[in-house]
Structure formats: C-alpha cells, structure tokens
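Structure record follows, encoded as structure tokens.
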Amino acid sequence: MWRLVNGKLIQETDQSRVKFRTNISKEIIDTLSKMAEENDTHINYLFENGLRNLLANNMIQFSKESRPKDRVQYKTTYDKQLLENAKQFAKSNHLYLNDILEYSTKFIDLNDIKDKQYKNRVERM
C-alpha cells in the first residue's frame, strides 16, 4: 500500500494484514485460482470474501467425514481481524481453521471482491 504524506508517495506494509499458513484442498486452490484469474483478483481476497460472508451468516453445517484428502500447504496474508474472528468461529464450532476456510468458499460473492490493484492503493494521511 502507498501513503500520500506531504505530497510524496511512501510505500508501506499494510499493518492490518498477517501472514498465515495452513493446509487447503488442492482442488479448491485450483478452482479459486481460475476464479481469481477470471475476476482480476487474488485467491486470498476470494477466501476473505467467503469468510466475511460465512461469519455474517454465523452458521455452518460441516461434516468432519467430508474433509478432503488432497490438502497441500498454502501460505498467504489475511486481514488480521478477520483471521482472528475466523479462528474464534472455528473454535466455537469445534472445527479447524482450514475446515472453515474450505467451507467459506461456498459463500464467495463475486460482486463484492477486491481486485488485484487493491494492494497498490493510495491512502491519504
């Protein structure tokens, strides 16, 4: 992200984002990769959108037996507060965060996603 300070652009790290590593279904990652390409966005923005919508719904029907067997390590950044809320939601539903992330893909709203240029936004001070 960029900040406009006294007429000068200064590149800064977005402090509201944190790195996070988990295991996610390879099939889901491949599907989201195609979806991100078609919609000029990043996979983590799709995950965030789905998570926000899932948490707003505040209800999950997840069968632990349906967990995918093709999970691979996936590293990206997430909004810090959203990730904390998702962790609490997972804990209160006796699930793992990767279960919540995978399930949240059913709640992605393509009409309300950040585009690839969001990380290059300019914020004024």
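The values are calculated or read from the model by the stated rules, or taken from the named source; none is laboratory data. It should be emphasised that the depicted structure is a prediction, and the values quoted were computed from it without experimental measurement. Please note: Cβ atoms are built from the backbone with ideal geometry, for glycine as well, and neighbour counts cover all protein chains shown. Keep in mind that these areas ignore ligands, DNA and RNA; they rest on the heavy atoms of the full protein, side chains included. Shrake-Rupley method; radii C 1.70, N 1.55, O 1.52, S 1.80 Å.
Which count do you get for residues in region 63-88 that are in contact with a helix residue (DSSP H, G or I) (Cβ under 6 Å, 6 or more places away or on another chain) and farther than 18 Å from Arg21 by Cβ? Of the residues in that region, 1 qualify.
Residues that are more than 13 Å from the chain's Cα centre (by Cα) and touching a residue at least 60 places away in the same chain (Cβ under 8 Å) within region 29-49 comprise Thr31, Met35, Asn39, Asp40, listed in sequence order. Residues of region 68-77 that are open to solvent by 80 Å² or more (accessible area, probe 1.4 Å) and assigned to a strand (DSSP E or B): Gln73, Lys75. Among the residues of region 78-99, the one identified as of a type in the set (S, T, N, Q) and buried (at least 17 other Cβ atoms within 10 Å of the Cβ) is Asn98. If the condition is being touching a helix residue (DSSP H, G or I) at 6+ places or on another chain (Cβ under 8 Å), open to solvent by 70 Å² or more (accessible area, probe 1.4 Å) and assigned to a helix (DSSP H, G or I), then region 35-62 contributes Arg52, Asn57. For region 26-34, the criterion of being of a type in the set (Lys, Arg), assigned to a helix (DSSP H, G or I) and within 23 Å of Lys91 (Cβ to Cβ) is met by no residue. Among the numbered conditions (1) surrounded by fewer than 17 Cβ atoms within 10 Å (Cβ to Cβ); (2) assigned to a helix (DSSP H, G or I); (3) at pLDDT 90 or above, the only one that Glu65 does not meet is (3).
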